[in-house]
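What follows is a set of notes on a single structure, which appears directly below.
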Amino acid sequence: MKIYAIGDLHLSGKPPSKPMEIFGKHWADHAAKVAANWHQLIRSDDTVIICGDTSWAMDLQDALTDLNWIAALPGRKIILRGNHDYWWASLKKMQTATENNFSFLQNNFFTCGTTAICGSRGWLLPSSDNFNADDAAIYRREGGFTGSCQTSRLQRYHSRTALSASL
């Protein structure tokens, strides 16, 4: 079992309604290249973290073409929202629409073996020149969330370890 991560797929249906070639010739056949590499690397017992900006779709129904395409690829998929994922809806709506083919990372975490997968919003660091009070609030909130994920994961791990030791 391996863990992979990929982001900024920016899929747009089939055929693509917003082809990535507009960003340069090296983007030609973007989805086909992703699929070929995915099939070459990823096995059914691997986990792929999809780090956002998955689809250019504006609503969940339109994103389903892209999400179903990804769901058909091998491996477990953990997906989080990117700044261009306007299609992102409630967890229940997304899980229902995708027939639970994805683990949506939003105010939660998932485990992969002994590894906890959690995420946070990317933001400026305190060492950045333009870091201000608003940035500090986001930094504290996001850092607190990922810290609580880590604490929860450690508590569950140690509980299982203690249980195993007592058996």
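The values are calculated or read from the model by the stated rules, or taken from the named source; none is laboratory data. A quick note: this is a predicted structure, and the numbers were derived from the prediction, not measured. Positions of Cβ are backbone-derived with ideal geometry, glycine not excepted, and every protein chain shown enters the neighbour counts.
What number of residues in the stretch 58-95 are small (G, A, S) and more than 21 Å from V34 (Cβ to Cβ)?
Adding up the residues that qualify gives 2.
Any residue at all in the stretch 94-107 that's modelled with pLDDT under 95, in a loop (DSSP other than H, G, I, E, B) and under 12 Å from the mean Cα position of the chain (by Cα)? Within the stretch 94-107, one or more residues are modelled with pLDDT under 95, in a loop (DSSP other than H, G, I, E, B) and under 12 Å from the mean Cα position of the chain (by Cα).
Per-residue answers, yes or no, for (1) in contact with a Leu (Cβ under 7 Å, 6 or more places away or on another chain); (2) hydroxyl-bearing (S, T, Y):
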site: L64; (1), (2): no, no
site: G82; (1), (2): no, no
site: D85; (1), (2): no, no
site: A89; (1), (2): yes, no
site: F109; (1), (2): no, no
site: S120; (1), (2): no, yes
site: R140; (1), (2): no, no
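From the list D66, D53, the one residue that fits, being at pLDDT 95 or above and among the acidic types (D, E), is D66. Residues being of a type in the set (A, V, I, L, M), assigned to a loop (DSSP other than H, G, I, E, B) and over 19 Å from C112 (Cα atoms) are represented in the stretch 27-43 by at least one member. Counting residues in the stretch 36-48 that are touching a helix residue (DSSP H, G or I) at 6+ places or on another chain (Cβ under 6 Å), in contact (Cβ under 8 Å) with a residue 24 or more places away in the chain and surrounded by 14 or more Cβ atoms within 10 Å (Cβ to Cβ) gives zero. Exactly one condition in (1) in contact (Cβ under 8 Å) with a residue 40 or more places away in the chain; (2) in a loop (DSSP other than H, G, I, E, B) is not met by D66; state its number. Result: D66 fails condition (2) only.
If you filter the stretch 70-108 down to residues that are surrounded by 15 or more Cβ atoms within 10 Å (Cβ to Cβ) and among the β-branched types (V, I, T), you find that the one that is nearest to C51 (Cα to Cα) is I79.
Scoring T111 on the criteria (1) modelled with pLDDT under 95; (2) not in a strand (DSSP E or B) leaves a single failure, condition (2). When I3 is tested against (1) touching a strand residue (DSSP E or B) at 6+ places or on another chain (Cβ under 7 Å); (2) loosely packed, with under 11 Cβ neighbours inside 10 Å, just one condition goes unmet, and that condition is (2).
Within the stretch 114-156, which residues are of a type in the set (A, V, I, L, M, F, W, C) and at pLDDT below 65? First the steps, then the outcome.
Our first condition is that a residue be of a type in the set (A, V, I, L, M, F, W, C); within the stretch 114-156, this holds for 116-118, 123-125, 131, 133, 136-138, 145, 149, 154.
Residues satisfying the conditions are F145, C149, L154.
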